[in-house]
Every structure is written in C-alpha cells, then in structure tokens.
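Note sheet for the following structure.
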Amino acid sequence: MARQAQKQESGDERIVARLAAAIHEHRLAPGVKLNEDEVGEVYGVSRTVVRAALQKLAHMHLVDLRRNRGAFVAQPTVKEAREVFEARALLEPRTARSAAERMTEADIALLQRHIDDEHKALDAGDTGRALHLSGLFHIEIARIADQDTIAEFITQLVSRSSLIIALYWQRRAALCESHAHDALLRALAAGNGPLAEELMKSHLLDLLTSLDLRARGSVPQSLKEALSE
C-alpha cells in the first residue's frame, strides 16, 4: 500500500514538472483547458494521477480549478500582474545584494551557464525556453543569497511572472535581456552588493515596462500539440 502511494506521488510530481515546464515555456497559453483524459493520454497516466497533479499546480497558482468546468492554465488579472512585479521589486534587489556577499566560484559558473543556455535558446528562436531559463537565473540568485523563506516567495513570483508575460507581452525585451543578466553577473562576481541591488531594480523595472497591462488575451491551441516535447 505504501509502495503504491509512493508510486502515485512520483507520478504526480512527474506530471507537475512537465505541465509546469510547458506553462513556463509558453507552450501552454493562459486560459487553455487541461482536460484530464487528454493529459492522461499524453503522459500515459490515470485520471487520478492527473487530478492530483492539477491540484498541486493550482496551489502553485499556475492552474485554475473551476467548479463543474475543470482545470485551466491560470490567467492573471492586470491587478495581479502589478502586484507580482511590485513584490519582486521589493524582494529581489535586496536579495541580489545578499547574493553578491555570498558568491562562490561554483555559483558564478552556474549563473554563467544559465546565461549561455538562454543565449542559445534565443538564437534558436525558442523564446519560451529562454524565458524559462531567465526565470531560473533569478531563482538561483535567491538561492545563493541563502534566505530560504524569501527564496520560496521569489520562486513563486517568478513562476507567476511567466504567465503574466504570456498574457501581456508586447515586445521581445519582456525576456530578461542578455546584457542585463551579464551586467548583473559581473556585479555579483565582483561582490559589489550595492551595484547588484541597483542593477536588479532597473532590470525588473525594464521588464515591467515591456508589458502592456491595458489588455489581455490568449490563443487557444491543441493540448496534445502543446504538450509534445
């Protein structure tokens, strides 16, 4: 019985990870319905496993569960969008300062790999993956700062930012631009906390101004097509 529960939990987490990646990489647009049978067919799992995964994604604010209607990729409102970026602007600059004081050579190498992979994704025209990698770059900075509670908040905020950009993106610069991350990494590697704080603040402001918060919309798509990897 315990083994069966462990197997189901493992299956849940696998589906959570795959659906979350599809959402973060904008293969699943906000508002798309996540039919339990279709998702189960794509991943070869039962509706029970899919339902448990969708519950976890709802807890992460990536999925909306609507009574008698099913599960949908979340659609943040303009109010939510502003609140998410206001929260990031409060937390991340100070976190960048703390990270600069704790950087190791291994941390610098890891962040550089994120930037390199982001460049490759952009060069390949895979803006969804580039955006996902950009978010991971910010999450790693929070981890390096060694502030677990704040890092948990930032991880959730970055995750929700992906949906916001999918809805309100008006220009390519909505992706974390390469030069912004490069400059930030140089400040972090130099241990320059005040500069890292200022660069993070201006970077988040630029990201916010890349969004058109006057309108919203999403494009329906085939679930099977979106989830194909």
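The values are calculated or read from the model by the stated rules, or taken from the named source; none is laboratory data. None of the values given here were measured: they were computed from a predicted structure. So basically every Cβ, Gly included, is an ideal-geometry build from the backbone, and we count neighbours across all protein chains shown.
Remark: pairs (first residue in the range 88-99, touching a residue at least 40 places away in the same chain (Cβ under 8 Å) and within 8 Å of Ala196 (Cβ to Cβ); second residue β-branched (Val, Ile, Thr) and in a helix (DSSP H, G or I); Cβ separation under 9 Å; 6+ apart in sequence or on different chains) = Ala96/Ile141; Ala99/Ile141; Ala99/Ile144. Here Leu175, Leu184, Leu199 are screened, and the one residue that is buried (at least 16 other Cβ atoms within 10 Å of the Cβ), at pLDDT below 85 and in the same structural domain as Leu91 (by TED's automatic domain parsing) is Leu175. Scan the range 138-156 residue by residue and report those that are surrounded by fewer than 17 Cβ atoms within 10 Å (Cβ to Cβ) and outside any helix (DSSP H, G or I). Passing the criteria: only Asp146. Going residue by residue through the range 116-132, is there one that turns out to be modelled with pLDDT of 90 or more, closer than 20 Å to Glu197 by Cα and outside any loop (DSSP other than H, G, I, E, B)? The answer is no, given that none of the residues of the range 116-132 is modelled with pLDDT of 90 or more, closer than 20 Å to Glu197 by Cα and outside any loop (DSSP other than H, G, I, E, B).
Test Ile108 against the stated conditions and say whether it is aliphatic (A, V, I, L, M), within 16 Å of Ala187 (Cβ to Cβ) and modelled with pLDDT under 95. Criteria not met by Ile108.
Looking at Arg160, is it modelled with pLDDT of 85 or more and in contact with a Pro (Cβ under 9 Å, 6 or more places away or on another chain)? So Arg160 fits the description; yes. Applying the criterion of being crowded, with 20+ Cβ neighbours inside 10 Å and touching a strand residue (DSSP E or B) at 6+ places or on another chain (Cβ under 6 Å) to the residues of the range 24-50, the residue that is farthest from Pro76 (Cα to Cα) is Leu34. Taken together, the residues in the range 116-137 that are within 18 Å of Ala189 (Cβ to Cβ) and crowded, with 20+ Cβ neighbours inside 10 Å amount to 2.
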